[in-house]
Amino acid sequence: MTKSQIIHDLKSALDGHQFQLYYQPKVHLASGHITGVEALIRWHHPTRGLIAPAEFIPIAEATDLIVPIGEWVLRHACTQSVAWRDAGLPPTIMAVNLAVRQLYQPRFVESVEGILRETGMDPTQLELEITEDMMMDVPRILPILKSLTHLGVRISLDDFGIGYSSLLNFKELPIDVIKIDRAFVNNCVVDRKDAAIVRTIIALAHELQVEVVAEGIESKDQLIFLQQHLCDRGQGYLFSKPVPPKDLVSTFGQIEEIIHREGIPPELSHQQRLKAVFHQTQQELADTLRHQQGMTFKFTRWDGRFIHTLCDGELLYRLGLTPEHVVGQELKDFLSPEEADRKTQYYRRAWEGEENVTYEGSHHGVWYVASLRPIRQGGHVVEVIGSCVDVTDRVEKEQEVAHLMDRLAQQEAQYRLIAEHSEDLIAILDRNGTIQYASPSHARILGRELSAFEGQSAFSLVHPDDISAIRRLWAEMISTNRTVCAEWRFPTLNGSLLWVEGIASPIVSPDGTVDRILVTSRDVTNRKTREEALRQSEDRYRRLVELSPEAIVVHADGQILFCNEAAVTMSGAATRADLIGRSVRDFTPFRDLDVASRIANTTGGTEPPIVALENRCIRLDGQELVIEATGAKIVYEGKSAVQYFIRDVTCRKDRGRTLRKQAVKRLNKRRRMRSLS
């Protein structure tokens, strides 16, 4: 057929009901479930029969005919989706391809909204696929896509990697899904460059919280490669070619068995993804630490020594150090002996349970204030977390102010001028805490008139919950004539709380008594907020482990150091205390001790992680199970350990033995029948 003949016949094809939609399923590569379908148009010509889309779609896209055809496809796809829903089929996302001319129609968004309303389609179950060439005009397409996502519709980027998109454009557009073009998938198991491209696209998409669909999956090897690299969904002839709706419904169950038969089983796939979530959570925590302005560190006590298990933050690098200098080391390994001995005293106080131990230090000309807090488990301190903030500017100002205070009587006017231009809160108090001078920064930061401070008790400005600690430090400073550091909260007039950290330096009179006190403080509200976010991130990771349906055990030096509730249940124990301190050998029959020894001795050396190692296990109540254990080396509380994911496969093994017995019986029966005949 000529181009003009195709154009002529297309005009009557809609009215003549010559179009039909075929559907190709999209399968979740972890669970094997069909989670979506792509609607693909077919033309049943009255004289030529079935015409391939490649023959008429480009011609329709070059004319305005694509607009009514595209609207017909969208309406019928939505109608079919609603029909499947009403028939009780599982919810599936209906994907419909868009052409450029459709997308740029003046009232396209209103047309989509009208079809959704007319058919009763849930907007969140509709996915509109655009191509990369549409992304060339971002200012024009961006408001259209934002309007569609506002309706609840998902946006998918088709044939990713072969068009004209750039990462800059991709970042700007509200894309929910990217589809890896079949050109890369086809060779991903034979061409290392294509394999690298596929892996990179998947990793990039996941970092940007975008779902990945692989097109053109045709072989078992391709499927397993994509599963191993955590691709979310896939479509292709391995699962099903595009088929009419009734054919798709009749083969639903068969399609969903393909993952079990050809790919990585859902149980192992779930384990892979769980490990990926753990890794991502740890990476997010590391990134949070790395980019904070201050520094966070942890240490534990090992053989009487304080060993650092974590250290990162921008301040660390300003000190001329890196995590490699600190983690796994004692203070004396990277500080001078005198400074290490001084700080060890603070470390010991925190390890003995004292809360909020603070001290000041300097390294390579950078000054900082550190705060230590013990972390307890079971009533005992297991590690100490510390946070540091750079106070170099403040210390330098304090040193300057201290010098000026020696000449305060002659140069008080000059001192006040310096203090009034400081962004820090600088105040002079008498022995009773009455404010004699407050820098103008008090008015800017606390939102009160400057006259409201002088003559008032400084304690009346402090949050009631912090007053007792501040008074205790105040008394210590007065009695020892030594500088003290503290953190406290100021209530503001708008009802919010302002966290500040400050240093109170006594000004001693000629007779040796404290005459006045210089208090220099600054706003640290943002730092406290980041510390709280860090704590919540750790809590989320702990909850993820506790809620895992699989038994998780940490084993080192022949002993179980940690277990979750699932492990307690699987072992038949009453509490975690029944497992902590035991060895995996305690749960192993004598005939399997060689396997148990392999598990128990994997904390050192260069052996690879255990992968899906089966072993028999005896519960504490005497019941024997068959388990499958997968292990990975980790660092737990400062020591090398192995974290195991354990699954009870007893039922699966029993079913296998039953099936084998039945097969033997059938074989023996056939042999007897043949002998009788």
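Residue order for 89, 103, fewest other beta carbons within 10 angstrom first, comes to 89, 103. Straight-line cross-link reach from residue 528 at under 18 Å between alpha-carbon atoms covers these lysines, not counting any fewer than eight positions away in the same chain: 298.
Most exposed first by the Cβ proxy, i.e. fewest other Cβ within 10 Å, how do 122, 191 rank?
Starting with the residue having the fewest Cβ neighbours, the order is 191, 122.
Length gained on full extension, residue 662 to residue 249: 145.3 nm, using 0.36 nm per residue less the C-alpha separation. Annotation: the antiparallel percentage among DSSP beta bridges lying fully within the chain is about 80. A dipole drawn for the chain from +1 and -1 charges on Cβ atoms has a positive end, and of 18, 371, 450 the residue lying farthest that way is 18.
Each of 404, 7, 152 was placed along the dipole of the chain (beta-carbon charges, centred on the mean Cα), and the one lying farthest toward the positive end is 7.
Rounded to the nearest 20 debye, the dipole size of the chain about its Cα centre is 3540 debye, using +1 on the Cβ of Lys and Arg and -1 on the Cβ of Asp and Glu.
Once the C-beta distance of residue 618 and residue 377 is scaled by a Förster radius of 22 Å, the resulting FRET efficiency is 0.20 to the nearest 0.05. Under 5 Å from the amide H of residue 548 lies no amide H of any residue 5 or more positions distant or on a separate chain, with H modelled from the backbone and absent for Pro and chain starts.
Using a 10 Å cut-off on Cβ atoms, rank the peptides 336-343, 231-238, 296-303 from the highest mean neighbour count down.
Top to bottom by mean Cβ count within 10 Å: 231-238, 296-303, 336-343.
Computed over neighbours whose Cβ is under 11 Å from that of residue 431, the net charge equals -1, Lys and Arg +1, Asp and Glu -1. Of the Cα atoms belonging to the chain, the radius of gyration and Dmax stand at 34.8, 127 Å. Within the shell of other residues whose beta carbon sits under 15 angstrom from the beta carbon of residue 322, the net charge comes to -2, with Lys and Arg scored +1 and Asp and Glu -1.
What is the log10 of I(q)/I(0) for the range 3-261, computed with the Debye formula using one identical point scatterer on each Cα and no solvent, at q = 0.07, 0.08, 0.16, 0.17 Å⁻¹? One equal scatterer on each Cα of the range 3-261 leads to -0.24, -0.31, -1.33, -1.47.
Can you sort 653, 193 so the residue with the fewest Cβ neighbours within 10 Å comes first?
193, 653
Subtract the Cα-Cα distance of residue 537 and residue 63 from 0.36 nm times their separation in residues, and report this length gain in nm to one decimal.
Answer, rounded to one decimal: 165.2 nm.
When the C-alpha to C-alpha distance is required to be over 20 Å, the pairs from 220/246; 26/179; 146/171; 220/633 that qualify are 220/246; 220/633. Which of 100, 62, 136 sits farthest toward the positive end of the charge dipole of the range 1-144, with +1 on the Cβ of Lys and Arg and -1 on the Cβ of Asp and Glu? Looking along the dipole axis, the top candidate is 62.
Read the figures in this text as sums done on the coordinates, not as results from a lab. Treat the numbers as computed from the prediction; the structure is a model and nothing was measured. Note that each Cβ is placed from the backbone with ideal geometry, even for glycine, and that neighbours are counted across all protein chains shown.
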